[in-house]
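Participant: Could you have a look at this structure, given as C-alpha cells, before my questions?
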Amino acid sequence: MKIPNGQQIIEEFEKWSPKFLAMEGDPIGLHVGTLNKKVERVLVTLDVNEHVVDEAIEKGAGLIIAHHPPIYRPMKNLQTDFPQGRMIEKLIKHDIAVYAAHTNLDVAKGGVNDLLADALGLAETKVLVPTYEAELVKIAVFVPESHEEQVREALGKAGAGAIGDYEFCSYTLSGTGRFRPTEAADPYIGKAGKMEVTAESKIEVVIRKYEKDRAIRAMIAAHPYEEVAYDVFTLENKEEAMGLGRVGTLPADMSLEEFAELVKERLDVPAARVVGDLAKRVRKVAVLGGDGNKYIQAAKRSGADVYVTGDLYFHVAQDAEAMDLAVVDPGHHVEKIMIQGVVDHMSNRQNWQCEFLPSEVDTEPFRFK
C-alpha cells in the first residue's frame, strides 16, 4: 500500500462531493495549508476550532476534512492573540491542511441529507430542493476481446456505468475490427502495411458529462491499442436531480410527539424544539440539515407532514404553524452525522496507507438544562 498525498485524497473525495454542487458563494475547498504532501492520517470533523486542531496535532493528522468552513467570511487580519488567529497559527506551525466541503456535501448522494434521512428510517426518498441536474453522455469504445474485461473494469472504477442505485452498468456488442498499420505505427495486433482483421467488442457505458474526461483517461490507460477508437454521444435524458434536503416516508405513521422522540434518539440530541400539535399523526417527512428556514415552503409543497431542520426562526415557526406544517428542530449540530459518513466512505475507496479518523471533540456550543 502507498501513502497518498493530499491532492489524491481530495481528488477521490471530490468524485463523491464535487465542488460545483455547492451553492453560489459557499467558501468550500482548501482553507489552510497545502495538499502537496504525503498524508497518513486524516481527521474528519463537523467544525474546526482550537480544540479540534489540538486533537489533530495529538493524533498526527496532516489533513482535516471539515463540513463547516473555518474561514466563512473574509478575514481583515490574522492576529494570533485572538482564537481564530491562534488556531490558524497552530495549523501552519504543525503543517496541517484544512479542507471544507459544505453545501456540496449536503447535496451529494450519500452526503449529509441522505445520512440524516437514513438515520430517521425514511424510505422512497426524493430531493426536497433540486439544485443540479447532471448532463449525461455515452462512451462507446472498441477493444479486442482479450482486453474487454480490463477496459470495462477501468471504466467502472472511474465512475462510468453508474445508473441510479446500480454501478458498473455496460452493454457489449461483438463484431469485427479492420485496420492497416502504417510504417510509423507500433501496433499491438498486426504488422505494418498489412490489413488486419480481428474480433473486437464494442463496450457502451453512460456517464455524467463532468466525469467523462477522467473515465476516458482510465479507459485509454487500460486499452492495449496504440490508437484507441471510441465515440462520445451527448444524451437527451438527464440524471435524476440532485439538491438540498430529502423527503421520504416513515415505515408507519406515529404521533408528532413520538416522532420528536425518534429524532432525538436517532440523531443523538438531548432535546428538540417542536412546532405543531403533539397528537398530530405524521408519516411523510422532509429533512434538511443545518439552517433550513428558507425552505419551509418547499417542505410544505412536498406534502410533508413534518419538517426536520435546524436554527428555526421565531416568525418562520409561526408561519409553519399557520400552514399546518409540523416542525422538529434538533439543532444545527445534527450534521455531525457526516463525520462517520465521510470516514466510512473514504476508508473504503482506495488501497491506501492512510487512516481516516472521526473527531471526538464535541463542537456543540449549546447546553440543555
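The values are calculated or read from the model by the stated rules, or taken from the named source; none is laboratory data. Since we're looking at a predicted model, the values are computed, not measured. Here Cβ is always computed from backbone atoms with ideal geometry, including for glycine, and neighbour counts include all displayed protein chains. Note: areas computed on protein heavy atoms with side chains; ligands, DNA, RNA excluded. Shrake-Rupley method; radii C 1.70, N 1.55, O 1.52, S 1.80 Å.
Participant: Considering region 332-364 alone, what residues qualify as being surrounded by fewer than 19 Cβ atoms within 10 Å (Cβ to Cβ), in contact (Cβ under 8 Å) with a residue 12 or more places away in the chain and assigned to a helix (DSSP H, G or I)?
Facilitator: Matches in region 332-364: 340 only.
Okay, residues lined up against (1) closer than 30 Å to residue 351 by Cβ; (2) open to solvent by less than 10 Å² (accessible area, probe 1.4 Å); (3) touching a helix residue (DSSP H, G or I) at 6+ places or on another chain (Cβ under 6 Å):
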| site | (1), (2), (3) |
| --- | --- |
| 53 | yes, yes, yes |
| 62 | yes, no, no |
| 95 | yes, no, no |
| 101 | yes, yes, no |
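Participant: Next question, about the same structure. How many residues does region 32-61 contain that are out of contact with any Leu (no Cβ under 9 Å at 6 or more places or on another chain), not acidic (Asp, Glu) and not in a helix (DSSP H, G or I)?
Facilitator: Residues that pass the stated criteria total 7.
Participant: Here is a further query. Can you confirm whether region 91-104 contains a residue that is in contact with a Pro (Cβ under 7 Å, 6 or more places away or on another chain) and outside any strand (DSSP E or B)?
Facilitator: Start the filter on region 91-104 by keeping residues that are in contact with a Pro (Cβ under 7 Å, 6 or more places away or on another chain), which leaves 98, 100, 102, 104.
Remaining after also requiring outside any strand (DSSP E or B): 102, 104.
Within region 91-104 (the criterion being in contact with a Pro (Cβ under 7 Å, 6 or more places away or on another chain) and outside any strand (DSSP E or B)), the answer is yes, since at least one residue qualifies.
Participant: Does residue 116 count as under 18 Å from residue 308 (Cα atoms) and crowded, with 22+ Cβ neighbours inside 10 Å?
Facilitator: Details: under 18 Å from residue 308 (Cα atoms): yes; crowded, with 22+ Cβ neighbours inside 10 Å: yes.
Yes.
Participant: Taking the conditions exactly as written (open to solvent by 20 Å² or more (accessible area, probe 1.4 Å), touching a residue at least 60 places away in the same chain (Cβ under 8 Å) and over 18 Å from residue 46 (Cα atoms)), does residue 167 satisfy them or not? Lay out the reasoning, then the answer.
Facilitator: Working: open to solvent by 20 Å² or more (accessible area, probe 1.4 Å): yes; touching a residue at least 60 places away in the same chain (Cβ under 8 Å): no; over 18 Å from residue 46 (Cα atoms): yes.
No: the conditions fail for residue 167.
Participant: Out of 317, 304, 279, which single residue is open to solvent by 60 Å² or more (accessible area, probe 1.4 Å), of a type in the set (Gly, Ala, Ser) and either in contact (Cβ under 8 Å) with a residue 12 or more places away in the chain or closer than 20 Å to residue 100 by Cα (or both)? Before you say what the answer is, go through the steps one by one.
Facilitator: Numbers: 317 fails: open to solvent by 60 Å² or more (accessible area, probe 1.4 Å); 304 fails: open to solvent by 60 Å² or more (accessible area, probe 1.4 Å).
Just one listed residue meets the conditions, 279.
Participant: Here's a check for you: in region 3-51, which residue that is open to solvent by 40 Å² or more (accessible area, probe 1.4 Å) and of a type in the set (Gly, Ala, Ser) is farthest from residue 355 (Cα to Cα)?
Facilitator: Ranking the qualifying residues of region 3-51, first place goes to 25.
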